[in-house]
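What follows is a single structure, written as structure tokens, with notes after it.
The values are calculated or read from the model by the stated rules, or taken from the named source; none is laboratory data. Computed from a predicted structure; not experimentally measured. Reconstructed Cβ throughout: ideal geometry from the backbone, glycine too, with neighbour counts over all protein chains shown.
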Amino acid sequence: MIFCKYALKKINTFNVNVNARKIVKVKNLPQLCKLWKEYKKKKQPCLVLGEGSNVLFLKDFYGLVIINRIKGIYISESKKYWHLHINSGENWHKLVKFTIKRKIYGLENLALIPGYVGSAPIQNIGAYGSSIQKFCTYVDIINPINKSIKRINKEKCNFKYRYSIFQHNYKNYIIISVGLLLPKKWVPNLNYFNFKKSENNIYNTPQKIFDYICSIRKKKIPYHKICGNAGSFFKNPIISIKLGKKLLKIFSNMPYSLENNFFKLSAGWLIYKCKFKGYIKDGVMVYSKQCLILLNKFNNASGMDILNLAIKIYHSVGNKFGIWLEPEVKIIDHYGKINPYILFKKN
Ligand code: FAD
Ligand code: EPU
């Protein structure tokens, strides 16, 4: 049994009450590398966090949690573009607000996504018809042991829906900064279906889109400081057209979109069809307005309670539709991130 006395409850948006052996907020790279090296030498695990808005802690963490607050936004320009170099400890939503204030537009559809810049490329954050891959030109990473820095250009990041190379490769590296390219000529991104439904186009300025996105997000997603959650627990499944058509014959009202010759389904709808809307067990609730969100309803459920409901949902959806959902949230045990399939498949 390892003594962990530093509380992580306020450093994970599920508000799970777990501790770490040590938590340090870092403000510069030398401090980060020094700490990392020190703990690795002691053979203790290290975990870098932004806001903890995409993690589920199952147990106490037996090592060092580094809260990354390495800040800095550097702007340069060419004839047609703004070039932004942003350090990974900048808050994502504050960056979106900052750019709009400086009349640098493009990120407005991605307003109010929790978390920090360093985590944003990892799952290629996306919402309302946009994603960071549309703007990201490179991601800079460091190996804190030998301090070597690499620039991973966009083409090598392998961005896909809720995926990038950083999910599986570069495990011993930390993201230190991100490059974004924003065109000076602003074109509104109205891909999200609600924009199309509006009779006259009232979303004709970045500020109006920003305000609209903030208002729908506030209506749709409960504020995690009041009711713990990590946004969507699972990813939306991407399946073959053949399987999609087969399912449509049985479930004719199944929502889907066609993306690059695949069907993208709504995990929230699949969960809803398994009758989980409003379902509550051990203080964990399937949010009734959006079944993809699991709530730590009274902020006293454990990570295991949340995981158990996720596993129950996984099997119900799998058995009903033949679709095996993939968690979006990273699951962390005593020593770090664990492969979710080990947990999900054996139950
Ligand atoms: P953390 O949870 O702190 O970390 C996530 C993972 O990244 C961990 O494995 C961590 O170790 C690793 N990591 C963090 N920083 C670094 C670094 N510098 N270098 C290397 N690894 C690092 N996501 C969307 O895409 N779209 C949404 O619309 C959306 N809505 C959400 C709504 C709510 C209410 C919540 C709670 C979450 C939502 N999310 C959404 C998920 C979440 O906001 C994103 O995944 C976000 O990028 C996570 O940022 P974070 O800083 O909190 O990451
Ligand atoms: N739906 C239901 N019942 C539900 C939930 C959804 O029927 O309980 C159906 C409805 O038809 C609805 C459709 O699913 O119209 C889509 O729902 P929504 O617009 O809420 O989007 P989502 O696909 O569930 C995704 C992202 C969100 C992102 C929104 C907005 C994933 C896993 N989730 O949710 O990202 O904010 O789109 O673009 O891709 C996150 O990743 O944490 C996250 C919140």
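I'd like the full set of residues that are touching a Leu at 6+ places or on another chain (Cβ under 8 Å) and not in a helix (DSSP H, G or I), limited to segment 18-47.
VAL18, ASN19, ALA20, ARG21, LYS22, ILE23, VAL24, VAL26, GLN44, PRO45, CYS46, LEU47, listed by residue number.
Is it true that LYS37 is within 23 Å of the chain's Cα centre (by Cα) and at pLDDT 95 or above?
no
Tally up the residues in segment 131-159 that are within 24 Å of PRO114 (Cβ to Cβ), of a type in the set (Lys, Arg) and in contact with a helix residue (DSSP H, G or I) (Cβ under 8 Å, 6 or more places away or on another chain), please.
1
Would you point out the residue of segment 92-122, among those that are among the polar types (S, T, N, Q) and within 20 Å of SER232 (Cβ to Cβ), that is farthest from ligand 2 (Cβ to nearest atom)?
Result: SER119.
Just to be sure I understand, how many residues within segment 246-260 are over 24 Å from TYR128 (Cα atoms) and either of a type in the set (S, T, N, Q) or surrounded by 11 or more Cβ atoms within 10 Å (Cβ to Cβ) (or both)?
Within segment 246-260, the first condition is being over 24 Å from TYR128 (Cα atoms), and the residues that meet it are 246-252.
Keeping just the survivors that are either of a type in the set (S, T, N, Q) or surrounded by 11 or more Cβ atoms within 10 Å (Cβ to Cβ) (or both) gives 246-248, 251-252.
Qualifying residue count, segment 246-260: 5.
In segment 206-244, what residues are more than 23 Å from LYS264 (Cβ to Cβ) and touching a strand residue (DSSP E or B) at 6+ places or on another chain (Cβ under 8 Å)?
PRO222, CYS227, GLY228 - these are the residues of segment 206-244 that are more than 23 Å from LYS264 (Cβ to Cβ) and touching a strand residue (DSSP E or B) at 6+ places or on another chain (Cβ under 8 Å).
Residue by residue through segment 327-347, note down the ones that are in contact with a Lys or Arg (Cβ under 6 Å, 6 or more places away or on another chain) and closer than 18 Å to SER53 by Cβ.
Matches in segment 327-347: GLU328, LYS330, LYS337.
Looking at LEU243, LEU265, which one is buried (at least 17 other Cβ atoms within 10 Å of the Cβ) and more than 17 Å from ILE306 (Cα to Cα)?
When all the criteria are applied, what remains is LEU265.
For segment 271-289, which positions are near ligand 2 (Cβ under 9 Å from one of its atoms) and among the small types (Gly, Ala, Ser)?
Once the filter is applied, which keeps residues that are near ligand 2 (Cβ under 9 Å from one of its atoms) and among the small types (Gly, Ala, Ser), segment 271-289 yields only SER288.
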